[in-house]
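First comes the structure, then the notes that go with it.
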Amino acid sequence: MHLSFADTAMVAAVAAEKIAPAEVARTVLGGVENVENEVLVDEATRTVKAVLSGPVENLVLPSPRS
C-alpha cells in the first residue's frame with residue numbers, strides 16, 4: 001500500500017492535499033479483495049509510480065498546488 005497523505009492527526013500540520021481515511025480503507029480493502037500485490041491509493045502515488053517506471057528525464061517533481 002502506498003499513498004501520499006491521509007487526513008489524520010499525524011499530518012495535520014502538513015499543508016498538502018489529503019485523502020480521507022475512509023477512502024484509504026476502501027481502496028486498500030478493494031486491493032485485498034482483488035488479491036493485488038500493490039495498492040496505489042491516490043493519483044499522486046500512481047503518477048510517481050508511473051514516472052519511476054519510465055525514462056529518467058521524466059523524474060521531475062510537479063509544482064506545488066496553490
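Every read-out reported here was derived from the displayed coordinates using simple, explicitly stated rules and does not represent laboratory data. This one's a predicted model, so the numbers in the text were calculated from it and none came from an experiment. Cβ atoms come from the backbone with ideal geometry, glycine included; neighbour counts cover every protein chain shown.
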For the chain, what D do you get in µm² per second when you plug the Kirkwood radius from alpha-carbon pairs into Stokes-Einstein at 37 °C and 0.692 mPa s?
247
Around A6, which amide H atoms from residues at least 5 apart in sequence, or from another chain, sit under 5 Å from its own amide H, with H modelled in the peptide plane?
I19
To the nearest 0.05, what FRET efficiency results for E17 and V56 with a Förster distance of 30 Å applied to their C-beta separation?
0.70
Residue range of the chain that is longest and free of GluC sites (Glu not before Pro) which are both DSSP loop and sparsely packed (at most 14 other C-beta within 10 Å)
39-66
Could you run the Karplus curve 6.51 cos²θ - 1.76 cosθ + 1.60 with θ = phi - 60° over the stretch 31-43 and give me ³J(HN,Hα) per residue in whole Hz, x for Gly and Pro?
x, 5, 4, 8, 6, 7, 6, 8, 10, 9, 6, 10, 5
Give me the dipole magnitude in Debye, nearest 20, for the chain about the Cα centre, with unit charges on the beta carbon: positive for Lys and Arg, negative for Asp and Glu.
140
Given Cβ charges of +1 for Lys and Arg and -1 for Asp and Glu, the option among A50, T27, V39 whose Cα lies farthest towards the positive end of the dipole of the chain is A50
